[in-house]
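Student: Got a structure here, written out as structure tokens. Questions coming.
The values are calculated or read from the model by the stated rules, or taken from the named source; none is laboratory data. Source: prediction; values computed, not measured. Neighbour counts are summed over all protein chains in view; Cβ atoms, including those assigned to glycine, are modelled from backbone coordinates with ideal geometry.
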Amino acid sequence: MSQVIEFLTPRMVGPRFAEHAIPLELLKDLAVLEEMVIEVAKWCYLRDHPERKRSPKGFTDGVALKLSGVGEGSAVPHLSLVVEQTQLFPPQAQTYFEQARTHLIGAINAAEHDEPITQHLPDALLAYFDRFGRGLRDGEAIEFAPEAADRKARLTKATRRKLVLASSQVQELTEEVTLRGSIPEADQGKMTFELQVINGPRVVAPIAGPHLPTVMDAFNGYKQGARVLLQGIGRYNRYDRLQSLETVEHLSLLDVNDIAARLEELKTLRHGWLDGKKGFAPDRAGLDWLAEAFQHNYPDELTPPYLYPTAEGGVQAEWSVNGWEISLEIDLDQYQGQWHALDMANEQEQEKTLNLNEPADWQWLATEITERTGGEA
């Protein structure tokens with residue numbers, strides 16, 4: 001027989017958690033949370049029993065942290081402490097599990113409010129945050145005390161970083177990464193390859209069996225400009241510099257004119273790029289906006305444009321399709337595009353100003369490209 005005790009009801013905040021749904025990639029964080037709670041509970045026990053060097057045998061037998069449901073609104077996982085009543089020790093362990101919860105929430109609160117973190121958790125246990133919460137994205141948070149008025153214990157990318165680096169034992173931390181780059185070297189003996197990140201460092205990554213053909217294709221096509229999209233876990237030093245790749249979860253070859261890769265390249269430009277004096281460098285935040293706008297609004301099946309920097313600090317997209325020369329001069333400050341299409345056969349021209357923050361204008365652009373390539377709008 002088991003006793004089910006409500007333990008934690010953290011609230012996940014962010015667009016991905018609408019409709020009380022939790023992405024599967026974040027469920028692995030809940031497994032790390034159980035491991036962390038167990039280790040903190042053991043630390044609490046040993047702090048109360050300084051005469052002991054380790055927790056009693058069977059300390060966690062019959063006690064488990066389980067996901068018992070998901071609440072409405074933003075995703076609210078209901079985490080329950082399940083205690084087997086046949087065990088002799090679990091009732092005492094339950095007390096230390098509850099103390100562990102208090103210490104974890106206290107440490108997260110301290111990180112959020114720039115207070116001393118190690119007053120709540122010791123150095124060694126803070127290292128667990130390196131594996132917990134790294135799936136969070138910008139603008140997302142997990143509130144461990146959602147009912148509190150002003151101290152909700154919000155775990156974000158920023159507070160997670162503070163928690164990890166508060167440990168003197170941690171010299172590096174890991175983050176989920178999405179990188180674009182080329183593969184100049186591959187070692188099949190060691191099953192590793194080097195990724196030259198666009199506008200970034202050159203780092204070593206392991207080769208998983210299923211990724212070997214993609215690695216070799218990119219390696220063999222290196223001199224022809226072959227590039228890959230990589231998703232995995234990167235290892236950073238305390239100065240936020242990528243040192244290596246711990247794991248590679250997804251690896252795929254990119255199109256020659258991959259839009260996001262080209263926009264990353266444009267970030268390397270500096271003022272005066274045109275002739276040493278002229279040519280403003282495109283704004284990096286503007287390039288990020290444009291990459292996201294293309295990703296969300298430009299259909300994958302359409303011919304990607306060639307992208308070039310403009311002297312004014314913008315970006316020009318160009319298409320050559322079925323006798324039409326098309327350009328879209330993009331203002332990264334105003335989020336506007338000046339569309340110009342020229343039929344080379346009869347010199348028929350078309351011009352239009354597009355608001356690139358409006359999905360309807362992107363739909364118009366996609367329709368124009370589709371019709372000129374001979375497809376259906």
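Student: Among the strands (runs of 3 or more DSSP E) contained in the range 172-279, which hold 1 or more residues that are in contact with a helix residue (DSSP H, G or I) (Cβ under 8 Å, 6 or more places away or on another chain) and modelled with pLDDT of 95 or more?
Tutor: 172-187, 192-197, 228-237, 242-253
One line per residue, one yes/no per condition, for (1) touching a Lys or Arg at 6+ places or on another chain (Cβ under 9 Å); (2) more than 28 Å from Y45 (Cβ to Cβ); (3) without any contact (Cβ under 8 Å) to a residue 12 or more places away in the chain:
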position	(1), (2), (3)
D123	no, no, no
A127	no, no, no
R131	yes, no, no
D138	yes, yes, no
I142	yes, no, no
T156	no, yes, no
S167	no, no, no
Q171	yes, yes, no
E175	yes, yes, no
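Student: Exactly one condition in (1) over 21 Å from Q295 (Cβ atoms); (2) surrounded by 14 or more Cβ atoms within 10 Å (Cβ to Cβ) is not met by G232; state its number.
Tutor: (1)
Student: Being part of a loop (DSSP other than H, G, I, E, B) and either in contact with a His (Cβ under 7 Å, 6 or more places away or on another chain) or closer than 22 Å to A285 by Cα (or both) is the filter here; which residues of the range 324-372 pass it? Don't jump to the end; show me each part of the working.
Tutor: Filtering the range 324-372 down to residues part of a loop (DSSP other than H, G, I, E, B) leaves 332-335, 344-347, 356-358.
Within the range 324-372, L332, D333, Q334, Y335, L356, N357, E358 meet the criteria.
Student: Considering only residues that are surrounded by 21 or more Cβ atoms within 10 Å (Cβ to Cβ), among the aliphatic types (A, V, I, L, M) and outside any helix (DSSP H, G or I), which ones fall in the range 109-158?
Tutor: The answer is I117, L121, L136, A141, I142, A153, L155.
Student: When only residues in the range 247-271 that are in contact (Cβ under 8 Å) with a residue 60 or more places away in the chain and surrounded by 13 or more Cβ atoms within 10 Å (Cβ to Cβ) count, which is farthest from Q224 (Cα to Cα)?
Tutor: Step one: of the range 247-271, the residues in contact (Cβ under 8 Å) with a residue 60 or more places away in the chain are 254, 258, 260-261, 264-265, 267-268.
Still in the list and also surrounded by 13 or more Cβ atoms within 10 Å (Cβ to Cβ): 254, 258, 260-261, 264-265, 267.
Working: L254: 13, D258: 14, A260: 18, A261: 15, E264: 18, E265: 16, K267: 22 Å.
It comes out as K267.
Student: Let me confirm something: among D187, D114, which residue is over 22 Å from the mean Cα position of the chain (by Cα) and on the phi > 0 side of the Ramachandran plot?
Tutor: D114
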